[in-house]
Amino acid sequence: MLFQKLGKFVVRYPIAILCFWTVLALAAAVLPPHWNDVTLDGDLAFLPAGLPSVEAERLFREAFPQRQAKSQLVFAISRKDEPLTEDDLRFADKMASPLQNVQGVMLYQAAIAAEASQSKPPEDELPTPVQQVMAAWEESALLDSKNWQPLWNMAFASQQYGDDDAGKQYREQAIALRPELKQETLELVPVDPINWNQFDVLTRHTLVRGDMLTSKNGHAVLIVVESRNEFMATDNIRVLQEATQYVETWRTRAQEAGLTHLDIGVTGNAAIGGEMLMAAKESIANTELYTILLVIIILLLIYRTPMLLTVPLLSIAVSFIISSWLVALLTQVHLLPGMDWFDFKVFKTSRIFIVVILFGAGTDFCLFLIGRYREELARCRDHDWAIARALAGVGEALTASAMTTVVGLGMMFFADFEKYRNSGPAIGLCLLITLLTCLTLAPAIMRFMGQTMFWPWGDTRQFVEKSRPVSAGWWERISQLVCSRPGLTLTVVVLLLGIVGFPSLYKRITTGRAVEVSYDLFGDLDDDRMAKQTALRIRNYFPLGESGPLTILAVNPAGQFMETQGQAITNQLAVTIFNTDDDVERVFTSEQPLGDRPVFTFSSRGRQILMLKNHSRTKEFFLAQEPKWSGQIALFRVLTDRNPFSNEAIALMDHIETNLQEEIATLPPPWNETKIYIQGTTPSIRDLMKVTTQDQKRIELGVIVAVFLVLLVILRRPMVCAYMILSVLFSYYVTLGITELFFRTVYADSYQALDWKVPLFLFVILAAIGQDYNVYLATRVFEEQRRLGLRDGLLRGMTTTGGIITSCGLVMAGTFASMCMGTLLGVIEIGFALTVGVLLDTFVVRTIMLPCFLALMNRFSDDEVLTQAGKPPE
């Protein structure tokens with residue numbers, strides 16, 4: 001009744017509806033906030049509070065406020081044939097010199113800005129004293145004796161602070177290197193310095209930490225630029241682009257200097273984060289482009305009427321603009337008075353799912369509407385009446401199918417992982433807007449276009465005859481074949497597909513996980529990206545864990561690590577870490593700042609260690625200096641020869657943690673009360689694995705229950721609803737098996753496991769969207785059975801919906817296939833899995849499994865009981 005009224009309303013007031021949606025779309029396009037201004041990205045930054053890695057990070061920031069670097073760029077200079085020569089090392093120093101000079105400029109500007117404001121900035125933005133600024137410039141000048149810029153800057157700073165003699169001396173030294181400066185006015189150079197939000201620059205000459213930057217075999221040396229940017233900060237795209245340009249400049253200089261044997265590149269987690277953000281941006285752009293192209297091509301093949309494309313494309317475009325704006329608007333609700341508890345976030349990669357689901361589901365909705373419109377048009381040839389009747393006929397089915405998806409996605413709200421908790425409801429909201437546009441705007445466009453919609457067929461008769469997507473006779477033969485032997489057909493299909501699907505199901509029952517998954521974020525990137533190429537290259541010279549060392553904090557408020565006993569405890573714990581596994585390469589501590597095993601010798605190495613362990617920078621780096629934690633926290637920097645993202649690295653870390661706890665238990669009081677906290681990539685990956693595994697189990701159960709209840713409200717047939725859930729679950733495990741087999745075969749050499757996001761997103765989307773076609777078929781079958789009886793109604797329902805559901809399935813599969821055009825492997829895997837899953841639902845579950853089950857049920861049902869009430873039996 002509701003949709004009959006809606007159909008009449010749309011036919012009567014199409015202009016008003018068009019104006020309403022147009023004004024709303026224009027407002028959404030113009031008014032802030034805009035999507036790109038509020039979206040976030042990354043995974044590890046959104047772990048729930050209270051997890052061990054999050055607590056370790058909080059404690060680290062609190063105890064070592066001077067260590068505010070959150071990511072780093074690593075410039076690598078290496079040669080594979082032999083160790084670096086003195087000329088090679090001097091070239092590396094020259095490459096570091098401008099970076100040190102810029103570091104001094106940035107620190108000087110920060111100090112001047114702080115003085116001008118006469119206020120103390122936040123701890124992570126404290127201006128460096130002038131002495132430290134000068135030290136950065138002195139380091140720059142020492143790294144490259146021909147670099148005049150740091151000398152010029154020291155002359156400028158000395159003059160500004162009243163030391164004219166020093167300023168004159170530095171100025172003369174700079175002029176000696178570049179005579180044309182004699183007529184120039186002193187000012188900071190470069191005037192527009194590279195701004196990578198840098199916190200510090202480390203070279204092989206840096207005290208304490210410099211020894212970590214040269215490989216043991218002497219084949220590689222690193223220059224590290226520490227940045228305040230988060231690992232996945234959007235600004236890292238710009239930083240990476242500028243760092244890449246810097247590398248290209250120095251590659252050219254190496255060629256000019258005859259050092260063609262040097263390999264120069266940039267990596268580090270800031271560069272990797274920038275590469276991942278760029279890859280995500282490219283994936284989004286590719287997905288949007290190929291989704292639109294595929295939808296246009298498929299619709300043209302189905303209807304062969306170009307003007308008809310405007311109905312779904314305009315409707316979806318309007319819904320996409322409005323829904324994206326509404327989602328962005330929700331991120332600002334917490335700014336309203338009293339709404340600070342509403343902390344909604346939206347992520348860049350969510351856009352990929354929004355695009356494919358909106359275009360896929362939106363096109364399906366429009367195809368259902370147009371398909372029913374064509375049927376009604378064939379009966380009466382009245383354009384307005386057919387639109388109203390079509391909307392009345394499919395409105396309930398479209399709403400029902402959309403709600404299964406919205407409710408299914410909404411179950412992600414109960415996840416602990418923020419990215420899951422926010423992404424599901426965001427996509428669900430966008431789908432609701434799309435449903436509204438397809439129920440109002442799409443028929444209004446059809447009503448407004450009139451006969452123009454049928455071009456080039458010219459009139460309704462030719463449109464009805466020539467725009468049929470699939471021959472009804474062909475689907476009638478399929479229906480007869482499926483329903484003649486439903487039990488045998490169903491058994492054969494289940495057994496054949498079960499060969500692929502049952503192993504995943506068995507593994508899920510026995511181990512709790514259907515397939516092995518990988519949390520290797522680094523592995524998502526293409527091998528041709530510079531940051532990954534450089535990272536892979538330096539793995540030949542440095543331990544695999546160099547890019548993500550373990551930072552272990554030993555905390556004992558009753559102890560004092562600066563005293564003799566505390567120093568002995570530090571050495572004892574370091575030995576325990578070393579003895580854990582041969583893959584533990586180096587352990588840097590306040591007692592062993594060069595990472596050696598805690599054995600003192602009178603060699604030159606031993607004397608160097610003795611000198612460094614008493615250095616103030618060593619104490620600052622390894623022992624907490626904050627008054628609250630002074631001497632109560634000792635830091636261990638552990639390098640292992642395992643990929644920090646891998647399961648092997650997690651296993652090693654667990655082993656280290658267990659050994660440390662066992663060793664601590666044997667210590668005398670108060671040292672036996674020491675607590676261990678581990679910070680870094682590997683512990684964060686471990687926590688991510690833990691929280692997402694728990695979330696997946698919770699979400700899967702929620703989706704099953706929620707979708708079942710929605711189906712029960714729609715169909716009011718518990719057995720049919722339960723079977724629909726089971727059939728989609730079956731296709732889920734079959735899809736997982738096919739996906740794993742495909743990628744294991746294609747990526748035989750580099751394959752580790754499916755991306756960790758594949759099983760969850762496949763389950764949620766397939767379990768929700770997969771029911772659309774089941775609902776549309778079942779509602780039409782039950783409608784026809786009320787008129788024709790059980791068997792004839794089933795055949796009629798299959799015949800009339802076969803072509804349109806197949807068309808919709810191809811459109812949905814096509815939109816998911818567009819995800820495979822991206823550059824992130826995880827997105828490609830999700831796109832492939834969803835494509836396979838939708839095709840299985842379209843051609844197996846909807847075409848064979850559900851009809852077979854309904855045919856089997858018919859044998860136990862009373863045809864007379866079904867038809868006399870005019871509604872499905874309870």
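A few comments on the model shown:
- The residues of the stretch 531-576 that are in a helix (DSSP H, G or I) and within 33 Å of the chain's Cα centre (by Cα), listed by number, are Ala531, Lys532, Gln533, Thr534, Ala535, Leu536, Arg537, Ile538, Leu544, Gly545, Glu546, Ser547.
- Residues of the stretch 22-39 that turn out to be in a helix (DSSP H, G or I) and within 24 Å of the chain's Cα centre (by Cα), as a count: 4
- Contact map, the stretch 476-493: residues that are touching a residue at least 60 places away in the same chain (Cβ under 8 Å) paired with residues that are part of a helix (DSSP H, G or I) and surrounded by fewer than 16 Cβ atoms within 10 Å (Cβ to Cβ), Cβ distance under 6 Å, separation 6+ or inter-chain. Pairs shown: Pro486/Leu856.
- For the stretch 14-25, a residue qualifies if it is without any contact (Cβ under 8 Å) to a residue 24 or more places away in the chain and of a type in the set (Phe, Trp, Tyr), and exactly one does: Phe20.
- Flag for Pro83 being modelled with pLDDT of 85 or more, in a loop (DSSP other than H, G, I, E, B) and not aliphatic (A, V, I, L, M): yes
- If only residues of the stretch 382-395 that are touching a helix residue (DSSP H, G or I) at 6+ places or on another chain (Cβ under 6 Å) and among the charged types (D, E, K, R) are counted, the one that is nearest to Ile805 (Cα to Cα) is Arg389.
- For the stretch 735-755, a residue qualifies if it is of a type in the set (Phe, Trp, Tyr), over 20 Å from the mean Cα position of the chain (by Cα) and modelled with pLDDT of 90 or more, and exactly one does: Phe742.
Table: residues versus (1) at pLDDT 90 or above; (2) part of a helix (DSSP H, G or I); (3) over 26 Å from Arg786 (Cβ atoms).
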{"residue": "Thr823", "(1), (2), (3)": "no, no, yes"}
{"residue": "Ile828", "(1), (2), (3)": "yes, yes, yes"}
{"residue": "Ala833", "(1), (2), (3)": "yes, yes, yes"}
{"residue": "Gly837", "(1), (2), (3)": "yes, yes, yes"}
{"residue": "Thr847", "(1), (2), (3)": "no, yes, no"}
{"residue": "Cys852", "(1), (2), (3)": "yes, yes, no"}
{"residue": "Phe860", "(1), (2), (3)": "no, no, no"}
{"residue": "Thr867", "(1), (2), (3)": "no, yes, no"}
{"residue": "Gly870", "(1), (2), (3)": "no, no, no"}
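- Selection of the stretch 639-656 for residues being closer than 23 Å to Asn540 by Cβ and either at pLDDT 95 or above or of a type in the set (S, T, N, Q) (or both) yields Thr640, Asn643, Ser646, Asn647, Leu652.
- Test result for Asp687, in contact with a Lys or Arg (Cβ under 9 Å, 6 or more places away or on another chain) and modelled with pLDDT of 90 or more: no
- With respect to the stated conditions, Val827 fails to be in the same structural domain as Gly770 (by TED's automatic domain parsing), under 23 Å from Ala778 (Cβ atoms) and either under 27 Å from the mean Cα position of the chain (by Cα) or touching a residue at least 12 places away in the same chain (Cβ under 8 Å) (or both).
- On inspection, Asn217 does not qualify as at pLDDT below 95, within 25 Å of Arg617 (Cα to Cα) and not acidic (Asp, Glu).
- Subset of the stretch 286-303 (residues that are hydroxyl-bearing (Ser, Thr, Tyr) and modelled with pLDDT of 80 or more): Thr287, Tyr290, Thr291
- Single residue of the stretch 649-701 satisfying the filter (of a type in the set (S, T, N, Q) and buried (at least 22 other Cβ atoms within 10 Å of the Cβ)) that is farthest from Thr576 (Cα to Cα): Gln696
Table: residues versus (1) closer than 19 Å to Pro14 by Cα; (2) touching a Ser or Thr at 6+ places or on another chain (Cβ under 7 Å).
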site	(1), (2)
Asn286	no, no
Ser319	yes, yes
Leu330	no, no
Arg379	no, no
Asp382	yes, no
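- Selected residue (criterion: surrounded by the most Cβ atoms within 10 Å (Cβ to Cβ)) from residues of the stretch 345-382 that are aliphatic (A, V, I, L, M) and more than 31 Å from the chain's Cα centre (by Cα): Ile370
- Matching entry among Leu701, Leu712, Leu726, Leu762 (being without any contact (Cβ under 8 Å) to a residue 24 or more places away in the chain, part of a helix (DSSP H, G or I) and within 24 Å of Asn422 (Cα to Cα)): Leu701
- So Gly42, is it part of a helix (DSSP H, G or I) and crowded, with 19+ Cβ neighbours inside 10 Å: no
- Flag for Phe342 being in contact with a strand residue (DSSP E or B) (Cβ under 8 Å, 6 or more places away or on another chain) and either surrounded by fewer than 24 Cβ atoms within 10 Å (Cβ to Cβ) or of a type in the set (Ser, Thr, Tyr) (or both): no
- Any chance Glu180 is in contact (Cβ under 8 Å) with a residue 60 or more places away in the chain and either outside the structural domain of Val105 (by TED's automatic domain parsing) or acidic (Asp, Glu) (or both): no
- Any hit, the stretch 587-595, residues being touching a residue at least 40 places away in the same chain (Cβ under 8 Å) and farther than 30 Å from Arg537 by Cβ: yes
- Any hit, the stretch 529-544, residues being touching a residue at least 12 places away in the same chain (Cβ under 8 Å) and under 30 Å from Ser630 (Cβ atoms): no
- Test: residue in the stretch 377-392 that is modelled with pLDDT under 85 and basic (Lys, Arg): yes
- Taken over the stretch 595-605, the criterion of being at pLDDT 75 or above and either surrounded by fewer than 15 Cβ atoms within 10 Å (Cβ to Cβ) or outside the structural domain of Gln565 (by TED's automatic domain parsing) (or both) is satisfied by Arg597 alone.
- The condition (being aliphatic (A, V, I, L, M), over 30 Å from Thr244 (Cα atoms), in contact with a helix residue (DSSP H, G or I) (Cβ under 6 Å, 6 or more places away or on another chain) and touching a residue at least 60 places away in the same chain (Cβ under 8 Å)) is satisfied by just one residue among Ile321, Ile292: Ile321.
The values are calculated or read from the model by the stated rules, or taken from the named source; none is laboratory data. Please read these numbers as outputs of a predicted model, since none were measured by experiment. Because the Cβ atoms are built from the backbone with ideal geometry, glycine has one as well, and the counts that use them run over all protein chains shown.
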